[in-house]
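**Q** The following block contains the structure, expressed as structure tokens.
The values are calculated or read from the model by the stated rules, or taken from the named source; none is laboratory data. Everything numeric in this text was worked out from a predicted model, so none of it was measured. All Cβ positions, glycine included, derive from the backbone under ideal geometry; neighbour counts span all protein chains shown. Just the protein is used for accessible areas: all its heavy atoms, side chains included, with ligands, DNA and RNA removed. Shrake-Rupley method; radii C 1.70, N 1.55, O 1.52, S 1.80 Å.
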Amino acid sequence: YMRRYLIFAFLFFHNYTYIYSKGRLGKELNGRPCLILHTEGAKTKKERKNVLVYLREGKEICIVASRGGSERNPGWYHNLKANPECTVQIGKKIYQASSREIFENERLEWWKKMDYLNRGGYSEYQKRTSRKIPVMILSIS
């Protein structure tokens, strides 16, 4: 329990640092690349910011709606489903993007890459939940 609390505190501090340094600090978390996803709240219409591990190939960026293996999808997933247009910040660079959820073979290909990047973390999260963890692609313009 204490370990989980410490991990949560560390992640909260990392996210705060990345967002409030405007991308100067916190581009990586434990050797994994991180981005700041700006979405519009599905219900509130307010801007929401989330720090997420990602993998980029060309103009496509993959993110996983794992929420640590929780039974519910993260808020940002619902925000993107309601409004696929978003802003992505990697370090100090800002991109406009359009999101889509991916399925079947395309999902499996990206899932394997993301799970490898996250050292098997996503497979562990999937074991904790009955929902199939969504995988999203952000296409940057």
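**Q** Find me the longest stretch of the chain that has none of the exposed chymotrypsin sites (Phe, Trp or Tyr not before Pro), where exposed means in a DSSP loop (not H, G, I, E or B) with at most 16 other Cβ atoms within 10 Å.
**A** Between exposed loop sites, the widest span is 2-102.
**Q** Place a point 7 Å from Cα of Lys92 in the direction of its Cβ. Which residues in the stretch 33-56 have their backbone N less than 16 Å from it?
**A** Counting backbone N atoms under 16 Å from the label point, the list is empty.
**Q** Give me the number: length gained by fully extending Thr129 to Leu6, i.e. 0.36 nm times residue separation minus the C-alpha to C-alpha distance, one decimal in nm.
**A** Full extension from Thr129 to Leu6 adds 42.1 nm.
**Q** Here is a further query. Which percent of the accessible area of the chain is formed by carbon and sulfur heavy atoms (probe 1.4 angstrom)?
**A** Exposed carbon and sulfur together represent 54 percent of the surface.
**Q** Sequence gap at least 6, Cα distance under 8 Å: using those rules, report the relative contact order of the chain to the nearest whole percent.
**A** With pairs under 8 Å counted, the relative contact order is 26 percent.
**Q** Ok, one more. Over the chain, how many pairs of lysines fall under 16 Å by alpha carbon, counting only those 8 or more apart in sequence or from different chains?
**A** So the count of such lysine pairs works out to 16.
**Q** Give the accessible surface of the chain per residue, rounded to a whole number of Å², with probe radius 1.4 Å and ligands, DNA and RNA excluded.
**A** In whole numbers, the chain has 62 Å² accessible per residue.
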